[in-house]
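So the structure is just underneath, and the comments pick up after that.
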Amino acid sequence: MLIPSPKWLRGDDIAASEITPRHVFESRRRLMMMAAAGAAGATLSPWFMRRAHAAQAHGAKLAAKLNQAYAISEKPTPYDDVTTYNNFYEFGTDKSDPARYAGTLRTRPWQVSVEGLVKQPKVYDIDELLKLAPLEERVYRMRCVEGWSMVIPWIGYSLSELIKRVEPQPGAKFVQFITLADKKQMPGIGSPVLDWPYSEGLRMDEAMHPLALLTFGLYGEVLPNQNGAPVRMVLPWKYGFKSAKSIVKIRFVDKQPPTSWNLAAANEYGFYSNVNPDVDHPRWSQATERRIGEDKGSGGFAALFAPKRKTLPFNGYGQQVASLYAGMDLKKNF
Ligand SMILES: Nc1nc2c(c(=O)[nH]1)N[C@H]1C(S)=C(S)[C@@H](COP(=O)(O)O)O[C@H]1N2
Ligand SMILES: [Mo]
């Protein structure tokens, strides 16, 4: 077990491998990977000892006009929290792993294959996809299934813009999103934490909803690798894991597609995964959340000491999206 030194607690960016003998460190990592299987983010040591705090390098600027319809009064989460406290299991299961290890991801050249039941299937080059529709800045609340939340100024355009162009066939009922799975670029792919490639999905009407954002940037810049560069989904009314990162395939299908977290633990992670304070996770309540960055202190204690907030149905987007689920039992269809 790692014994925290004061330096470690201050969050200085020391790899655990530097202060623990290599074989101990590696077996600890293996244990954590196993503990994480079936638990989005569960690990053996408290996360606050592992939070990366190094200020993050900034990416290339990405121009976009703020869409006032999606501007909210809540304060955006600081950039350094958004880019160092991440879930991206392809780079490891610690919150700090993606910021540490995602530098190996090559985001050019990059293609996204839009395929399946569409009249105009096409392999898009990322730079063509980026220019398909005007980029907008939208400030969305994000709620992770683990009980923390952020407010992030994303840049992208509605996924519906792409869907309209590829002309779905009448048989297309669902859309599947598939992440890159390359062992050489993604150290986490070597561990069987999830079924790779990471797969997610939406019903067609959900995918067509204007809130569903095909996302290329945040905070006025291209997406940092750890946040899902060069293109990801952002679905603010659903738990964070629905928003697949670093997408290489968008597939139109007739049946509900398999999704990675549902395959890992079907009783814990449903296909819909709409944010719902009334449906608890089998192992914890979903009634409240802690907003990352709202703590008063400094160092690595952001989520621990941030005040609790009430979680809202559909993460506060009920007015826009509740009608998609009219007549459905949301306790069964969690
Ligand atoms: N490919 C892939 N996409 C993913 C994940 C992942 O592990 N792999 N984690 C999900 C989870 S659990 C969350 S909360 C969000 C986190 O996005 P962020 O790090 O940009 O805040 O990404 C989601 N998308
Ligand atoms: Mo999450």
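Take the residues in the stretch 176-188 that are in contact with a helix residue (DSSP H, G or I) (Cβ under 6 Å, 6 or more places away or on another chain) and of a type in the set (A, V, I, L, M, F, W, C), then tell me which one is surrounded by the fewest Cβ atoms within 10 Å (Cβ to Cβ). Walk me through it before giving the result.
If we filter the stretch 176-188 for residues that are in contact with a helix residue (DSSP H, G or I) (Cβ under 6 Å, 6 or more places away or on another chain), which is where we start, we get 181, 183, 185-188.
Going one step further and asking which of them are of a type in the set (A, V, I, L, M, F, W, C), we end up with 181, 186.
Numbers: Ala181: 18, Met186: 24.
The qualifying residue surrounded by the fewest Cβ atoms within 10 Å (Cβ to Cβ) is Ala181.
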Taking Gly156 as the residue in question, decide whether it is of a type in the set (Gly, Ala, Ser), modelled with pLDDT of 95 or more and more than 20 Å from Leu214 (Cα to Cα). no
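A quick yes/no check of all residues on (1) under 25 Å from Asp80 (Cβ atoms); (2) away from ligand 1 (no atom under 14 Å from the Cβ); (3) among the hydroxyl-bearing types (Ser, Thr, Tyr):
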| position | (1), (2), (3) |
| --- | --- |
| Gly171 | no, yes, no |
| Ser191 | no, no, yes |
| Leu194 | no, no, no |
| Phe216 | yes, no, no |
| Pro224 | yes, no, no |
Being assigned to a helix (DSSP H, G or I) and within 19 Å of Leu129 (Cβ to Cβ) is the filter here, so list the residues in the stretch 205-240 that pass it. Ala207, Asn225, Asn227
Answer from Gly147, Gly156 - the residue that is within 16 Å of ligand 2 (Cβ to nearest atom) and under 27 Å from Gln320 (Cα atoms): Gly147
Across (1) of a type in the set (A, V, I, L, M, F, W, C); (2) in contact with a Phe, Trp or Tyr (Cβ under 7 Å, 6 or more places away or on another chain); (3) within 24 Å of Gly316 (Cα to Cα), Leu223 clears everything bar (3)
Given (1) of a type outside the set (Asp, Glu); (2) part of a strand (DSSP E or B); (3) more than 9 Å from ligand 1 (Cβ to nearest atom), identify the lone condition not met by Gln185. (2)
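Could you tell me whether the stretch 90-102 includes any residue that is away from ligand 1 (no atom under 14 Å from the Cβ) and either closer than 29 Å to Met204 by Cβ or not hydrophobic (A, V, I, L, M, F, W, C) (or both)?
Taking the stretch 90-102 and keeping what is away from ligand 1 (no atom under 14 Å from the Cβ), we get none.
Checked the stretch 90-102: no residue is away from ligand 1 (no atom under 14 Å from the Cβ) and either closer than 29 Å to Met204 by Cβ or not hydrophobic (A, V, I, L, M, F, W, C) (or both).
On the given criteria, is Phe252 buried (at least 18 other Cβ atoms within 10 Å of the Cβ), touching a Leu at 6+ places or on another chain (Cβ under 8 Å) and farther than 28 Å from Asp81 by Cα? Steps first, please.
Details: buried (at least 18 other Cβ atoms within 10 Å of the Cβ): yes; touching a Leu at 6+ places or on another chain (Cβ under 8 Å): yes; farther than 28 Å from Asp81 by Cα: yes.
Here the answer is yes, as Phe252 does meet what is asked.
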With the requirement that a residue be in contact with a Gly (Cβ under 8 Å, 6 or more places away or on another chain) and either surrounded by 21 or more Cβ atoms within 10 Å (Cβ to Cβ) or of a type in the set (S, T, N, Q) (or both), what does the stretch 91-120 give you? Phe91, Gly92, Thr93, Lys95, Asp97, Pro98
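The values are calculated or read from the model by the stated rules, or taken from the named source; none is laboratory data. Please read all numbers here as calculations on a predicted model, not as lab measurements. All Cβ positions, glycine included, derive from the backbone under ideal geometry; neighbour counts span all protein chains shown.
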